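The values are calculated or read from the model by the stated rules, or taken from the named source; none is laboratory data. A quick note: this is a predicted structure, and the numbers were derived from the prediction, not measured. Neighbour counts run over all protein chains shown; Cβ positions are idealised from the backbone, glycine included. Note: areas computed on protein heavy atoms with side chains; ligands, DNA, RNA excluded. Shrake-Rupley method; radii C 1.70, N 1.55, O 1.52, S 1.80 Å.
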Amino acid sequence: MSWYANRTIEQKRVVWAWTFLAVPLAFYVLVRFYPTLESFYVSLHSWRLIGERRWVGLDNYVRLATDPVFWKVFANTFIYLIVGTPLSIVLSFVVAYQLDRVRFMHGFIRALYFLPFLTTAAAMAWVWRWFYQPVPIGVINNALASLGIPQITFLASTTNALPAILATAIWHGLGFQVIIFMAGLRAIPTSYYEAARIDGVTDWTILREITIPLMRPTVIFLVVFSSIGYLRIFDQVYNMTTNDPGGPLDSTKPLVLLIYQTAFRSYELGYAAAQTVVLFVVLLAISLLQLRLMKDR
């Protein structure tokens with residue numbers, strides 16, 4: 001320990017800092033970075049799990065470029081992203097903004113909004129699947145029938161299946177986003193609002209000129225977090241379309257479900273790894289782009 005004893009206080013702090021960081025860094029290298037790099041390597045092979053890997057170079061990526069199912073699934077994934085992210089952000093902010101003004105039973109109402117997020121995605125998906133069933137099982141169609149309105153085909157329709165699953169995903173993540181938005185609202189100094197009200201500023205102007213600009217870091221976090229969630233959506237789709245995973249004509253199938261089916265049903269590990277690499281690149285590009293566009297100037 002003579003080497004350590006001869007170090008300065010600043011150098012000893014650095015040593016202790018890296019000592020405590022060693023465990024999480026090792027975890028990320030073994031559990032995060034290594035599998036990612038391994039996916040890149042496997043994607044250059046043809047491998048059916050049993051037997052030797054066969055080098056094929058970029059053949060799996062060429063196959064992806066000409067695979068109509070992949071492009072259909074790729075489009076579905078982006079629909080989840082570009083529709084689900086802004087809807088969930090706007091809806092959760094509206095709920096949080098109004099809930100922040102409520103004083104009667106505030107804690108109870110906030111807990112009700114957060115409760116769906118605590119429910120497992122699989123259990124929640126099966127409940128919503130029950131809601132969407134036709135008469136006489138489905139709750140929604142039974143309610144429509146009692147009003148004399150024709151029932152709606154939700155999960156068995158190429159048109160309605162994706163919006164039905166997207167609505168479920170938005171509802172499931174709403175509570176978490178509401179809580180984060182409320183934390184951001186509570187972090188804004190009240191002196192700003194007091195000064196604005198003394199000057200006679202309207203509530204709409206306060207919202208537009210004070211609240212929303214100061215919520216920018218919270219919005220950036222939730223947009224990135226939500227985007228990653230929608231790009232990796234799996235549980236809702238798989239559990240709500242168990243009889244036909246991915247919905248009719250793959251109308252609801254996301255990229256993660258395609259990767260799962262390619263790897264563990266078709267046993268094409270190399271092709272599944274190529275799909276995983278594409279998903280990783282898309283996730284990285286969108287996250288970096290959002291951070292670039294939304295960061296403070």
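Taking the criterion of being open to solvent by 20 Å² or more (accessible area, probe 1.4 Å) and over 30 Å from PRO217 (Cα atoms), the residues of the range 246-295 that qualify are PRO248, LEU249, ASP250, ILE259, TYR260, GLN261, PHE264, ARG265, SER266, TYR267, GLU268, LEU269. Anything in the range 65-85 that is open to solvent by less than 60 Å² (accessible area, probe 1.4 Å) and closer than 24 Å to GLY184 by Cβ? List them, or say none. Within the range 65-85, LEU81, VAL83, GLY84, THR85 meet the criteria.
For the range 188-223, the candidate set comprises residues that are free of Cβ contacts under 8 Å to residues at least 12 places away in the same chain and of a type in the set (Gly, Ala, Ser); within that set, the residue that is surrounded by the most Cβ atoms within 10 Å (Cβ to Cβ) is ALA195.
Flag set for VAL73, criterion: of a type in the set (A, V, I, L, M), closer than 30 Å to ALA274 by Cα and part of a helix (DSSP H, G or I). Only residues that are within 15 Å of SER227 (Cβ to Cβ) and free of Cβ contacts under 8 Å to residues at least 12 places away in the same chain were counted across the range 245-297, and they come to 7. So ALA285 ticks every box in (1) in contact with a strand residue (DSSP E or B) (Cβ under 7 Å, 6 or more places away or on another chain); (2) at pLDDT below 90; (3) small (Gly, Ala, Ser) but one. Which box is left unticked? Only one criterion is unmet by ALA285, namely (1). For the range 127-145, the set of residues classified as modelled with pLDDT of 90 or more and open to solvent by 70 Å² or more (accessible area, probe 1.4 Å) consists of TRP130 only.
Determine, yes or no, whether PRO163 is modelled with pLDDT of 85 or more, within 21 Å of GLY84 (Cα to Cα) and open to solvent by 20 Å² or more (accessible area, probe 1.4 Å). Answer is yes for this residue. For the range 109-121, the condition holds for no residue, the condition being that it is at pLDDT below 90, surrounded by 14 or more Cβ atoms within 10 Å (Cβ to Cβ) and outside any helix (DSSP H, G or I). Of all residues in the range 1-51, those that are hydroxyl-bearing (Ser, Thr, Tyr), part of a loop (DSSP other than H, G, I, E, B) and modelled with pLDDT of 80 or more total 1. THR242 - would you say it is closer than 27 Å to LEU166 by Cβ and among the β-branched types (Val, Ile, Thr)? Yes; evaluated as a whole, the condition is true for this residue.
Where helices (runs of 4 or more DSSP H) fall wholly inside the range 137-228, the ranges with 2 or more residues that are closer than 16 Å to VAL90 by Cα and small (Gly, Ala, Ser) are 161-186. ILE233 satisfies every condition listed in (1) surrounded by 14 or more Cβ atoms within 10 Å (Cβ to Cβ); (2) free of Cβ contacts under 8 Å to residues at least 12 places away in the same chain; (3) not in a helix (DSSP H, G or I) except (2). Taking the conditions exactly as written (under 24 Å from PHE225 (Cα atoms) and either without any contact (Cβ under 8 Å) to a residue 24 or more places away in the chain or more than 29 Å from the chain's Cα centre (by Cα) (or both)), does ALA145 satisfy them or not? Here the answer is no, as ALA145 does not meet what is asked.
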